[in-house]
1. Taking the conditions exactly as written (under 24 Å from residue 51 (Cβ atoms), more than 17 Å from the chain's Cα centre (by Cα) and outside any helix (DSSP H, G or I)), does residue 104 satisfy them or not?
2. Does any residue of the stretch 73-87 turn out to be under 16 Å from residue 160 (Cα atoms), loosely packed, with under 12 Cβ neighbours inside 10 Å and either at pLDDT 90 or above or under 17 Å from the mean Cα position of the chain (by Cα) (or both)?
3. If you scan the stretch 131-145, which residues turn out to be outside any loop (DSSP other than H, G, I, E, B) and either under 21 Å from residue 53 (Cα atoms) or at pLDDT below 95 (or both)?
4. Could you pull out the residue among 198, 185, 193, 125 that is assigned to a strand (DSSP E or B) and within 24 Å of residue 49 (Cβ to Cβ)?
5. Would you list the strands (runs of 3 or more DSSP E) that sit entirely within the stretch 46-94 and hold 1 or more residues that are closer than 29 Å to residue 200 by Cβ, touching a residue at least 40 places away in the same chain (Cβ under 8 Å) and in contact with a strand residue (DSSP E or B) (Cβ under 8 Å, 6 or more places away or on another chain)?
6. Name, by its number, the condition in (1) part of a helix (DSSP H, G or I); (2) within 15 Å of the chain's Cα centre (by Cα); (3) over 14 Å from residue 78 (Cα atoms) that does not hold for residue 178.
7. Identify, please: which residue in the stretch 197-210 is out of contact with any helix residue (DSSP H, G or I) (no Cβ under 6 Å at 6 or more places or on another chain) and within 21 Å of residue 85 (Cβ to Cβ) and is, among those, surrounded by the fewest Cβ atoms within 10 Å (Cβ to Cβ)?
8. Return the only residue of 167, 194, 190 being surrounded by fewer than 22 Cβ atoms within 10 Å (Cβ to Cβ), in contact with a strand residue (DSSP E or B) (Cβ under 6 Å, 6 or more places away or on another chain) and farther than 28 Å from residue 61 by Cβ.
C-alpha cells in the first residue's frame, strides 16, 4: 500500500467512525432511547431499511423481505479479513451457542454480508460462514458495484485500495446492526463485543415493544 493510499484508508476509517458517533448522537437527541446498551446505541424510533437485492451462499436471492418475521443481527465484512471479521463472527457464534444452551425464547438470525464481491462468491461464503455456525447466512452482491451500492444504502462505507501487483485491501465500517422482526433497525452495536455483553444487550433489546 502506498503512503497516500495508507493515509486515505486511515482517513476513511476515521471519517466512518466520526459518522457513526454523529449518527449515534443524532438518535440520542431525536428521541431518548428506552434502554441503554453496553455495546452500542438503541435506535428510537426504529428505522426502516431501504429495499435491497443480493444473493446468499446458496445462490438464492436475498433481500429485505428475508429480514421479516425474526430478529436479525447483520454484520459486514469479508472472508479474507485477517482479524476483526473472524473474531466478530466467532463472538456472534458464541452468542448463538449461549442462547441455545439457555433455551432462550428469542434467538437472532445472523447474516454476514460480504463487501468483497469479487473474492467472496456464494461458493466461498458457503465454505466460510458455516465454519462459525451452521445456521449463519452469508450474502453478497452479483458484482462489487452492486455490493457497494447496497452497503451505501445501509450506511456502510467500503473502500478498496489496489496495490501495484493487482491485489487489494478492503476497509469497511465495523458496526453490527440489530433488526427487529419488522425488518427495522433497532440497535447499532459498536463494541467492545463480548459474548456476555452481547447476550445482555440482546435480551434488553428484544424486551422492548416492537
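The values are calculated or read from the model by the stated rules, or taken from the named source; none is laboratory data. Since we're looking at a predicted model, the values are computed, not measured. Note that each Cβ is placed from the backbone with ideal geometry, even for glycine, and that neighbours are counted across all protein chains shown.
1. Values: under 24 Å from residue 51 (Cβ atoms): no; more than 17 Å from the chain's Cα centre (by Cα): yes; outside any helix (DSSP H, G or I): yes.
Judged against the criteria, residue 104 is not a match.
2. Looking through the stretch 73-87, at least one residue is under 16 Å from residue 160 (Cα atoms), loosely packed, with under 12 Cβ neighbours inside 10 Å and either at pLDDT 90 or above or under 17 Å from the mean Cα position of the chain (by Cα) (or both).
3. Residues of the stretch 131-145 that are outside any loop (DSSP other than H, G, I, E, B), as a first pass: 131-132, 137-140, 144-145.
Within the stretch 131-145, 137, 138, 139, 140, 144, 145 meet the criteria.
4. Values: 198 fails: assigned to a strand (DSSP E or B); 193 fails: assigned to a strand (DSSP E or B); 125 fails: assigned to a strand (DSSP E or B).
It is 185.
5. On the way: elements: 53-56, 61-63, 72-77.
Ranges flagged: 72-77.
6. Every condition holds for residue 178 apart from (1).
7. Taking the stretch 197-210 and keeping what is out of contact with any helix residue (DSSP H, G or I) (no Cβ under 6 Å at 6 or more places or on another chain), we get 197, 200-210.
Next cut, within 21 Å of residue 85 (Cβ to Cβ) only: 197, 201-202.
Working: 197: 18, 201: 22, 202: 24.
The selected residue is 197.
8. Values: 167 fails: in contact with a strand residue (DSSP E or B) (Cβ under 6 Å, 6 or more places away or on another chain); 194 fails: in contact with a strand residue (DSSP E or B) (Cβ under 6 Å, 6 or more places away or on another chain).
Answer to the selection: 190.
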